[in-house]
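The structure under discussion appears below in the form of structure tokens.
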Amino acid sequence: QVQLVESGGGLVQPGGSLTLSCTASRSIFSWNAMGWYRQAPGKQRELVAAITSGGSTNFADFVKGRFAISRDNAKDTVYLQMNSLEPEDTAVYYCNVAGRRWGVSFDYWGQGTQVTVSS
């Protein structure tokens, strides 16, 4: 199976910035979207941002104007740049890659990386 390795999480103060990265162990073909989800304690996992194979992006309303998503196909990596972080952004962030190949849909998830925003 393809492994998604995430990094970049940590502890930051309110107003600070972090950039998360997610790298696939092997190149993934026929993918439709790469994205980031997050899950805070006691809450359900929610979409943060996504980027399609065509380059279009989608953001959750609560991060619009603060976060940016990008990818580097040559490095099999997707990034999430987080600016103006707030305590409410504290969560485990998960990378996701979804698509379809050989007539079968697939959905890969990273192990999660903790982001804590606190003063």
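Restricted to region 42-119, the set of strands (runs of 3 or more DSSP E) holding at least 3 residues that are in contact with a Gly (Cβ under 8 Å, 6 or more places away or on another chain) and open to solvent by less than 30 Å² (accessible area, probe 1.4 Å) comprises 46-52, 91-101, 113-117.
Report yes if A33 is surrounded by 14 or more Cβ atoms within 10 Å (Cβ to Cβ) and either touching a Leu at 6+ places or on another chain (Cβ under 7 Å) or touching a residue at least 40 places away in the same chain (Cβ under 8 Å) (or both), otherwise no. Here the answer is yes, as A33 does meet what is asked. Cβ separations smaller than 8 Å between residues 6+ apart or across chains give the following pairs from region 8-28 residues that are of a type in the set (K, R) to residues that are open to solvent by less than 50 Å² (accessible area, probe 1.4 Å) and part of a loop (DSSP other than H, G, I, E, B): R26/V2; R26/D76. Applying the set (1) polar (S, T, N, Q); (2) in a loop (DSSP other than H, G, I, E, B); (3) within 17 Å of T113 (Cα to Cα) to Q1 leaves exactly one unmet item: (3).
The values are calculated or read from the model by the stated rules, or taken from the named source; none is laboratory data. Quick caveat, the model's predicted, so the values are computed rather than measured. We place every Cβ from the backbone using ideal geometry, glycine too, and count neighbours over all the protein chains shown. Heads up: the accessible areas ignore ligands, DNA and RNA and are worked out on the full protein's heavy atoms, side chains in. Shrake-Rupley method; radii C 1.70, N 1.55, O 1.52, S 1.80 Å.
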